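Participant: I have a structure I would like to understand better, so I am pasting it below and will then ask my questions one at a time.
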Amino acid sequence: MKRSIDLNADLGEGAGHDDELFEFISSANIATGFHAGDSDSMHAAVSAAKKHAVAVGAHPSFFDRENFGRKELQVSNQEVFDAVAYQLGIFQAIASALDVQPNHVKPHGALYNMAVRDENLADAIARAIKSVEPKLILFAPDKSELARAGEAQGLQIAREVFADRNYLNEGWLVPRTRPDALLRDPNEAAERVLRMLREGKVRSVEGRDIDVRGETICVHGDTPGAVEFARKLRSRLERESVRISAPRGSLL
């Protein structure tokens, strides 16, 4: 079984409990203004991460604050490249002003989910990251177009799995439009994560065991009960002697 894993959460999105979540995570994906947040929230989140020795990364999205970046939009690959590069540039500048080195990038919401399946969209994201800072780690699901695009651009990939989301037979996340999208029981989630680490398997909502590979585990910061969820998950992992630590690239 893996003896070290990253625990990440999406922060700076106005959920109101970021300070508490920082106690339990090792990586923070910080909203960069397009779906939530602004320069003040980025500054606050990076400052808090520095205080708690938590690695930080940009959490870029479609420009869609109305739908919290969770609606699939039809945009060109160039628009995606420009949007991601723009958000990374702003985030890098704010972090630099606080003497913090960003460690990773995790696309948000619909941008992430579409890039999992769409090789051209994934390529635009990967190229944008490389153009800003090629040493940043890209968080992406194993065997996804996003992971493949990142590898093709020479980026380091941290394979991501989800503690609080259910899976389809294809290995993708159950859409949030469905009532079974979320896994709300932290104890059940902890056991599922441990199985991922031990066996590389997760049970889909259709009842099939599917292969998964993960170096980082996501807990969504905007989910009700996220703090207690993260606390129980981390406690369970540590009882199994799993060390919680951010993925290390050449920037940390």
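The values are calculated or read from the model by the stated rules, or taken from the named source; none is laboratory data. What you are looking at is a predicted structure, and each value in this text was computed from that prediction instead of being measured. Neighbour counts run over all protein chains shown; Cβ positions are idealised from the backbone, glycine included.
Participant: Quick check on this structure: which one of 240, 215, 228 is at negative phi and more than 19 Å from the chain's Cα centre (by Cα)?
Facilitator: 240
Participant: Among the residues of region 122-166, write down those that are among the hydroxyl-bearing types (Ser, Thr, Tyr) and either closer than 30 Å to residue 180 by Cα or buried (at least 24 other Cβ atoms within 10 Å of the Cβ) (or both).
Facilitator: Within region 122-166, just 144 meets the criteria.
Participant: Is there any pair linking a residue in region 113-126 that is within 15 Å of residue 143 (Cβ to Cβ) to one that is acidic (Asp, Glu), with Cβ under 7 Å and at least six apart or on different chains, and which?
Facilitator: Matching pairs, first to second residue: 115/145; 116/145; 117/145; 118/145; 119/145; 122/145.
Participant: Also, quick follow-up: For region 129-145, check the following and say yes or no: at least one residue is within 20 Å of residue 248 (Cα to Cα), of a type in the set (D, E, K, R) and in contact with a Lys or Arg (Cβ under 9 Å, 6 or more places away or on another chain).
Facilitator: Yes - at least one qualifying residue is present in region 129-145.
Participant: Taking the condition more than 23 Å from residue 146 (Cα to Cα), at pLDDT below 90 and surrounded by fewer than 13 Cβ atoms within 10 Å (Cβ to Cβ), does residue 184 pass?
Facilitator: yes
Participant: On the given criteria, is residue 204 out of contact with any Leu (no Cβ under 9 Å at 6 or more places or on another chain) and either modelled with pLDDT under 95 or of a type in the set (Gly, Ala, Ser) (or both)?
Facilitator: Here the answer is no, as residue 204 does not meet what is asked.
Participant: While we're on this one: Filter region 213-245 down to the residues that are hydroxyl-bearing (Ser, Thr, Tyr) and not in a helix (DSSP H, G or I), then identify the one that is farthest from residue 30 (Cα to Cα).
Facilitator: 241
Participant: For region 99-127, which positions are under 12 Å from residue 150 (Cβ atoms) and among the acidic types (Asp, Glu)?
Facilitator: Across region 99-127, the qualifying residues are 119, 123.
Participant: When region 33-44 is examined, which residues are found to be touching a Phe, Trp or Tyr at 6+ places or on another chain (Cβ under 9 Å) and either assigned to a strand (DSSP E or B) or aliphatic (A, V, I, L, M) (or both)?
Facilitator: Passing the criteria: 36, 42.
Quick grid of which residues meet (1) more than 15 Å from residue 32 (Cα to Cα); (2) in contact (Cβ under 8 Å) with a residue 12 or more places away in the chain; (3) touching a Phe, Trp or Tyr at 6+ places or on another chain (Cβ under 6 Å); (4) surrounded by fewer than 14 Cβ atoms within 10 Å (Cβ to Cβ):
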site: 50; (1), (2), (3), (4): yes, yes, no, no
site: 54; (1), (2), (3), (4): yes, yes, yes, no
site: 62; (1), (2), (3), (4): no, yes, no, no
site: 69; (1), (2), (3), (4): no, yes, yes, no
site: 91; (1), (2), (3), (4): no, yes, no, no
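Participant: Out of the residues in region 198-241 that are polar (S, T, N, Q) and closer than 22 Å to residue 176 by Cα, state the one that is surrounded by the fewest Cβ atoms within 10 Å (Cβ to Cβ).
Facilitator: 204
Participant: Out of everything in region 1-13 that is surrounded by 15 or more Cβ atoms within 10 Å (Cβ to Cβ) and assigned to a loop (DSSP other than H, G, I, E, B), what residue ends up being modelled with the lowest pLDDT?
Facilitator: 2
Participant: Return only the number of the condition from (1) farther than 28 Å from residue 119 by Cβ; (2) buried (at least 17 other Cβ atoms within 10 Å of the Cβ); (3) not charged (D, E, K, R) that residue 16 does not satisfy.
Facilitator: Unmet condition: (2).
Participant: As an exercise: evaluate residue 195 against (1) surrounded by 14 or more Cβ atoms within 10 Å (Cβ to Cβ); (2) in contact (Cβ under 8 Å) with a residue 40 or more places away in the chain and give the number of the one condition it does not meet.
Facilitator: So residue 195 meets the others, but not (2).
Participant: Give me the residue from region 16-32 that is over 16 Å from the mean Cα position of the chain (by Cα) and part of a loop (DSSP other than H, G, I, E, B) and, out of that set, modelled with the highest pLDDT.
Facilitator: Within region 16-32, the match that is modelled with the highest pLDDT is 23.
Participant: Do any strands (runs of 3 or more DSSP E) entirely within region 95-212 hold 3 or more residues that are under 17 Å from the mean Cα position of the chain (by Cα) and of a type outside the set (Val, Ile, Thr), and if so, which?
Facilitator: Counting at least 3 such residues, we get 137-140, 156-162.
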